[in-house]
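A quick write-up on the structure given underneath.
The values are calculated or read from the model by the stated rules, or taken from the named source; none is laboratory data. Computed from a predicted structure; not experimentally measured. Here Cβ is always computed from backbone atoms with ideal geometry, including for glycine, and neighbour counts include all displayed protein chains. All accessible areas refer to the heavy atoms of the entire protein, side chains included, with ligands and DNA or RNA removed. Shrake-Rupley method; radii C 1.70, N 1.55, O 1.52, S 1.80 Å.
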Amino acid sequence: MSKALKTIGIIGRVSETLCDGQTVKTRILVDELRGRYPESSIYIAHTHDFKRRPLKRLGQVLQCLRRSDAVFVLLSRNGRKVIFPLLYILNRFYRKPLFHDLIGGVLDEDLRREPGLLKQLHMFRVNWVETDGLRDRLAAMGLKNGETLPNFKRLRVVPEVECIPKTDEIWRFCTFSRVTETKGITVAIQAVTEINRQRGKTVATLDIYGPVEPPYDAVFPQLLADAGEAVRYMGVADYRESTRILKSYDMLLFPTWHDGEGFPGTLVDAFSAGLPVIATDWHCNGEIIAHGKTGYLYPVNQPHLLKTLMEQAMADPTGVHRMALECLREVRRYDAQIAMDLVCRRLEEAVNGQE
């Protein structure tokens, strides 16, 4: 780029001790920007403990605007409510290029409830959202600067030659998300337990990965104990190791009804590992998972269909292998190189005054 980019600002949830989707997405962007601009400094205004340290965090936001040549903003719904109005006022003075990389998939719902949010969204050079459907819904509501930037990760994609047809009779299912009620963990446990009960033996297992969050941590140990050896909690996995971990499974279960669900990073993890997904047709899932091609979808208000689709998959290992290969082809759409080319082009245009 022609103009030196001394400091890039990040306002978002960045923590080495957290592994939720919001934090992982923000850390990935930080790592990618460091790789693209090794001579530039990264200034991070942390937001992960905002309620405990509001004055300190607000001070970091102010410093981020003052010190940075351009600022990326990645906030959840609650963060947007507090920090967007502040940025709207402060950046009238600092006039820095701001870029909004959306967390979650419910911005259209927020805009419907709070029409005044539209003027705040227009303070950004671009609002990157994770699916074309959300981009189009926001455009219909008056947003003029929305673009699609799919969720992405720099992962090792399993080669197709390593994706071999299933030969053993035990089906290995897993979940790879936060461990909460709304992520459908109880539904997944019940489905596996019922399949084994009806067969009179263990034909399906479930391994659960992810941080166990309150208040679910109060009931989760008993659910595991009641389920027996077929269901195991495997702890928190490093997202950079997701492909290595997931490639040993047959399918990923994602029976979520989490309110803030956007483009779940777990789907990129699964596709990179050649792992078809059985998921609720909830929020953006239907734009990412092609039913019968890269997995199965079912209505969120019919949780019993998770078990039905698991049994359907178990009866058709050839079909599951075909879907696994399709996942490996589909994941090319979420290549980090392609996504960062778009991000950096927008950044450099703004810094060089080409917009």
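Using a 1.4 angstrom probe and counting only protein chains, how large is the accessible area of ARG154 in Å², to 10?
140
Return the equivalent ellipsoid semi-axes of the stretch 234-295 as a descending list in whole Å, where each equals the square root of 5 times an eigenvalue of the C-alpha gyration tensor. Each step should come with its number before you reach the end.
Details: eigenvalues 73, 40, 18 Å².
For the stretch 234-295, the ellipsoid semi-axes come out as 19, 14, 10 Å.
Taking the full set of protein chains and a 1.4 angstrom probe, give the accessible area of ILE338 in square angstrom, rounded to the nearest 10.
We get 100 Å² for ILE338.
Hey, which of these cross-link pairs are over 29 Å Cα-Cα: LYS144/LYS293; LYS119/LYS153; LYS81/LYS293; LYS25/LYS183? Write down the numbers at each step before the final one.
Working: LYS144/LYS293 34 Å; LYS119/LYS153 31 Å; LYS81/LYS293 38 Å; LYS25/LYS183 18 Å.
Beyond 29 Å: LYS144/LYS293; LYS119/LYS153; LYS81/LYS293.
Which whole number of Å³ per residue matches the convex hull of the alpha-carbon atoms in the stretch 130-181?
Numbers: hull volume 9.9 nm³, N = 52.
Taking the convex hull of the Cα positions in the stretch 130-181, it is 191 Å³ per residue.
Plugging the Kirkwood radius over Cα pairs into Stokes-Einstein for the stretch 108-251, at a temperature of 25 °C and a viscosity of 0.890 mPa s, what D comes out in µm²/s?
Numbers: Rh = 18.6 Å.
The estimated diffusion coefficient comes to 132 µm²/s.
When the Cα atoms of the chain are enclosed in a convex hull and the volume is divided per residue, what value in Å³ results?
Numbers: hull volume 47.7 nm³, N = 355.
Spread over its residues, the Cα hull of the chain gives 134 Å³ apiece.
Report Rg (one decimal) and Dmax (nearest whole number) for the stretch 312-355, counting Cα atoms only, units Å.
19.1, 59
Figure the gain on full extension for LEU55 and ARG77 (residue separation times 0.36 nm, minus the Cα-Cα span) and round it to one decimal in nm. Walk me through the intermediate numbers first.
Numbers: separation 22, 0.36 × 22 = 7.92 nm, distance 1.96 nm.
Computed gain between LEU55 and ARG77 is 6.0 nm.
Rounded to the nearest 10 Å², what accessible area does THR318 have for a 1.4 Å probe in the complete protein model?
Surface accessible to solvent at THR318 totals approximately 100 Å².
What is the percent carbon and sulfur in the accessible area of the chain, measuring with a 1.4 Å probe over the protein chains and ignoring ligands? Walk me through the numbers before you get to the answer.
Values: 8150 of 15980 Å².
Answer for the chain: carbon and sulfur cover 51 percent of the accessible area.
Please list ARG172, ARG57 from largest to smallest accessible area, probe radius 1.4 Å, with all protein chains kept in place.
If we order ARG172, ARG57 from most to least accessible, we get ARG172, ARG57.
With an 8 Å cut-off on Cα pairs and a minimum separation of 6 or more residues, tell me the relative contact order of the chain in percent.
16
Would you calculate a helix-derived [θ] at 222 nm for the chain, using -39,500 (n - 2.57) for each DSSP H run of n ≥ 4 and dividing by the full residue count, to the nearest 500?
Calculated at 222 nm, the ellipticity per residue is -12500 deg cm²/dmol.
Within 10 Å, count the other beta carbons around each residue, average over each peptide in 146-152, 78-84, and list them highest first.
On the way: 146-152: 19.4, 78-84: 17.6.
Result, highest mean Cβ count within 10 Å first: 146-152, 78-84.
Can you grab the distance from the C-alpha centre of the stretch 189-224 to the C-alpha centre of the stretch 329-347, Å, no decimals?
Measuring centre to centre over Cα atoms gives 36 Å.
Given the Cα-Cα distance of TYR88 and SER15 and 0.36 nm per residue of separation, how much length would full extension add, in nm? Don't jump to the answer; show the numbers that get you there.
Numbers: separation 73, 0.36 × 73 = 26.28 nm, distance 2.56 nm.
Length gained between TYR88 and SER15: 23.7 nm.
Could you give the accessible area per residue of the chain, probe 1.4 Å, as a whole number in Å²?
Numbers: 15980 Å² over 355 residues.
For the chain, the solvent-accessible area averages 45 Å² per residue.
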